[in-house]
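Trainee: Structure below; questions to follow.
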Amino acid sequence: MLDDTTDIRSMLKTPSLLREDAYLAGNWVQAGSGKTFGVANPARGDIIANVADLSREEIAQAIDAAHAAQPAWAAKTAKERAQILRRWYDLMMEHQEDLAILMTAEQGKPLTESRGEVAYGAAFVEWFGEEAKRVYGETIPGHQPDKRLTVIRQPIGVAAAITPWNFPNAMIARKVAPALAVGCSFVVRPASLTPLSALAMAALAEEAGVPKGVFSVLPSTSSSEAGKEFCENPKVRKLTFTGSTEVGRILLKQAADQVMKCSMELGGNAPFIVFDDADLDAAVEGAIACKFRNNGQTCVCANRIYVQDGVYDAFAEKLKKAVENMKVGDGLADGTDLGPLIEPDALEKVQEHLDDALSKGATVLTGGKPHPLGGQFFQPTIVTGATQDMKVSTEETFGPFAPLFRFKDEDEVIALANDTIFGLASYFFAKDLSRVTKVAEALEYGIVGVNTGIISTEVAPFGGVKQSGLGREGSKFGIEDYVEMKYICTSV
Ligand SMILES: NC(=O)C1=CN([C@@H]2O[C@H](COP(=O)(O)OP(=O)(O)OC[C@H]3O[C@@H](n4cnc5c(N)ncnc54)[C@H](OP(=O)(O)O)[C@@H]3O)[C@@H](O)[C@H]2O)C=CC1
Ligand SMILES: O=C(O)[C@H](O)CS(=O)(=O)O
């Protein structure tokens with residue numbers, strides 16, 4: 001374990017961005033119970049902050065405030081809301097370094113990735129500030145001479161969000177930005193492992209002029225209590241969740257009682273396919289980016305790597321060389337490519353998938369055990385001889401584990417790739433135009449990366465099919481989940 005416990009606050013240009021109070025109805029408050037919970041640095045093990053641990057009653061107070069503040073926020077013009085969102089974007093980018101340091105300190109990803117995530121999250125705020133001004137309606141030719149038909153789109157009301165630890169800024173920004181853009185109010189309960197990024201975002205939103213009550217960040221250790229309040233409180237009109245499919249199911253069941261509008265960004269199990277006509281160097285570059293971003297802790301990362309027989313050995317050798325060049329270490333240290341896993345359970349999951357693969361005939365090509373740094377560090381690992389009966393074929397590893405599968409032809413690999421309950425992201429590398437067209441159409445996924453391992457951008461619709469989710473986030477489509485369509489039939 002690294003023993004450097006440099007105080008994170010001293011690393012910040014604006015130390016006040018490290019907030020330990022909750023942001024509730026426009027006020028910075030401690031929990032009424034006085035309870036707090038520790039936020040650990042996954043690389044060093046030390047506690048870097050003690051954050052207010054709100055009760056369900058306090059979460060309900062934030063919902064009341066959001067409900068009271070929403071009409072005035074919606075009554076602002078789209079341009080007025082857009083200007084505040086633009087100011088928020090500018091502030092996030094002005095404080096990018098501090099937000100990145102806070103993110104690496106609480107989540108572990110390398111500082112370079114944290115900087116990228118801050119810019120990615122801010123880009124949603126910028127994008128939806130612009131989209132705010134384009135929430136158009138329609139007129140429809142009347143069905144009778146005296147009828148005038150119009151369709152308008154209005155903000156749905158109070159939106160409530162539960163977000164994961166792996167992208168503690170962008171997963172909130174991807175939700176709060178469209179919500180505020182159209183005139184909704186928004187409350188979020190961030191993952192208890194990573195509340196600091198969310199609280200820093202709130203501090204900048206407050207500075208940007210988001211009115212009191214319109215946006216609340218509600219840290220708590222009882223995620224189930226927060227989820228129940230969000231699903232059962234009649235003032236909440238919309239639930240948006242990013243996290244595992246398992247928890248998504250729980251929330252959907254809870255939300256059913258109120259027939260609540262839900263957006264679900266859930267788990268994945270991405271296939272990454274290398275055909276024999278692929279540019280192998282590009283495929284290796286794509287595999288590194290896709291598999292090892294955030295140390296493999298992303299829902300869109302390659303979970304299964306399928307390589308056509310003719311290029312299997314060449315690809316494996318090239319990938320091995322690239323992986324062995326990656327530096328494992330503290331995300332705050334220069335040159336780190338791979339940080340720690342978020343918590344001990346995550347390391348155990350990687351070990352479990354590795355052990356299962358080895359027990360079923362796989363062979364370690366590189367890595368294959370916890371890293372000498374100890375703690376939550378694990379060696380980036382490649383195994384060959386992976387087969388469809390292994391756990392990694394049905395479960396998300398969420399770590400630096402790359403299993404290589406062989407395949408013979410297109411039909412075989414499409415069947416293998418689609419053989420999962422998930423359908424979020426998929427990737428393949430090939431040159432033949434006919435093959436690219438056919439395979440992209442045949443993959444049962446919400447997202448297909450062709451000759452690239454990174455697909456994430458605010459301008460495109462992000463989301464899954466099958467049990468990877470409901471709805472889309474980002475792009476012009478992302479705003480739909482925060483408006484209700486109203487049909488007006490006027491007799492003249
Ligand atoms: N499709 C997508 O865009 C994404 C999907 N994911 C998926 O999420 C998983 C990893 O993230 P992880 O955070 O561990 O996922 P979890 O689903 O365990 O947690 C996600 C969030 O839900 C909260 N939560 C857990 N149980 C409940 C409950 N019963 N009611 C309400 N909230 C609850 C957690 O709180 P706490 O942890 O504080 O207890 C956390 O804030 C992977 O499967 C990954 O693929 C992650 C990110 C993006
Ligand atoms: O949680 C995730 O894994 C993110 O949705 C991935 S991305 O949007 O950063 O690609």
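Any read-out appearing in this document is the output of simple, stated calculations on the displayed coordinates, not a laboratory observation. Every value quoted in this text rests on a predicted model; they were computed, and no experiment measured them. All Cβ positions, even for glycine, are placed from backbone atoms using ideal geometry, and neighbour counts span all protein chains on display.
Trainee: Can you find, among Leu347, Val158, Ala417, the residue sitting farthest towards the positive end of the charge dipole of the chain, where Lys and Arg contribute +1 and Asp and Glu -1 at Cβ?
Mentor: Of the listed residues, the answer is Val158.
Trainee: Mind putting a number on the dipole of the range 215-310 about its Cα centre? Charges go on the C-beta only, +1 for Lys and Arg and -1 for Asp and Glu, and I need it in Debye to the nearest 20. Don't skip to the answer; put the middle values down first.
Mentor: On the way: 10 positive and 12 negative charges, 152 e Å.
The calculation lands at about 740 debye.
Trainee: Follow-up question, since we're still on this one. Mind ordering 263-274, 68-79 by average Cβ neighbours within 10 Å, highest first?
Mentor: 263-274, 68-79
Trainee: Can you tell me the 0 to 90 degree angle between the C-alpha axis of helix 433-442 and the longest principal axis of the chain, rounded to 10?
Mentor: Helix 433-442 and the main axis of the chain meet at about 60 degrees.
Trainee: What's the ranking of 10-17, 42-49 by average number of surrounding C-beta atoms within 10 Å, highest first?
Mentor: 42-49, 10-17
Trainee: Also: Among Pro190, Thr366, Leu111, whose Cα sits farthest toward the positive end of the charge dipole of the chain (+1 at Cβ of Lys/Arg, -1 at Cβ of Asp/Glu, about the Cα centre)?
Mentor: Going by the Cα projections, it comes out as Pro190.
Trainee: Another one. Using Cα centres only, tell me the gap between the range 1-78 and the range 422-454 in whole Å.
Mentor: Value for the Cα centre distance between the two parts: 40 Å.
Trainee: For the chain, what is the charge dipole size about the Cα centre, in debye to the nearest 20, if Lys and Arg each add +1 at the Cβ and Asp and Glu each add -1 at the Cβ?
Mentor: Details: 49 positive and 65 negative charges, 328 e Å.
Here the chain has a charge dipole of around 1580 debye.
Trainee: Follow-up question, since we're still on this one. How big is Rg to Rh over the range 124-178, alpha-carbon atoms, Rh as the Kirkwood inverse-mean-distance radius?
Mentor: On the way: Rg = 17.4 Å, Rh = 14.2 Å.
Result for the range 124-178 is an Rg/Rh of 1.22.
Trainee: Further question on the same structure: Relative contact order for the range 210-261: what is it in percent, counting Cα pairs under 8 Å that are at least 6 residues apart?
Mentor: Relative contact order, the range 210-261: 37 percent.
Trainee: Taking only Cα atoms of the chain, what ratio of Rg to Rh do you get with Rh as the Kirkwood inverse-distance radius?
Mentor: Expressed as Rg/Rh, it is 0.99.
Trainee: Counting Lys +1, Arg +1, Asp -1, Glu -1, what net charge surrounds Leu54 among other residues with beta carbon under 12 Å of its beta carbon? It would help to have the intermediate numbers written out before the result.
Mentor: Numbers: positive: Lys35, Arg56, Arg189; negative: Asp21, Asp53, Glu57, Glu58, Glu225, Glu229.
Within the 12 Å Cβ shell, the charges total -3.
Trainee: Just for the chain, what percent of DSSP beta bridges are antiparallel, to the closest 5?
Mentor: 40
Trainee: So, counting K/R as plus one and D/E as minus one, what does the shell of residues with Cβ under 14 Å around His371 add up to?
Mentor: -1
Trainee: Pairing the Cα long axis of helix 196-208 with the longest principal axis of the chain, what angle in degrees results, from 0 to 90 and rounded to the nearest 10?
Mentor: 40
Trainee: Follow-up question, since we're still on this one. Taking the alpha-carbon distance from Lys35 and a cut-off under 27 Å, which lysines remain once sequence neighbours fewer than 8 residues away in the same chain are dropped?
Mentor: Lys212, Lys228, Lys235
Trainee: Charges at C-beta only: +1 for Lys and Arg, -1 for Asp and Glu. How large is the resulting dipole of the range 7-85 about its Cα centre, in Debye rounded to 20?
Mentor: The dipole of the range 7-85 has a size of about 360 debye.
Trainee: For the range 6-159, build the charge dipole from Cβ charges (+1 Lys, Arg; -1 Asp, Glu) around the Cα centre, then report which of Tyr120, Ile101, Ala52 sits farthest towards its positive end.
Mentor: Farthest towards the positive pole: Tyr120.
Trainee: With a 10 Å radius around each residue's Cβ, average the other Cβ atoms per peptide and rank 283-293, 188-198, highest first.
Mentor: Peptide ranking by packing, descending: 188-198, 283-293.
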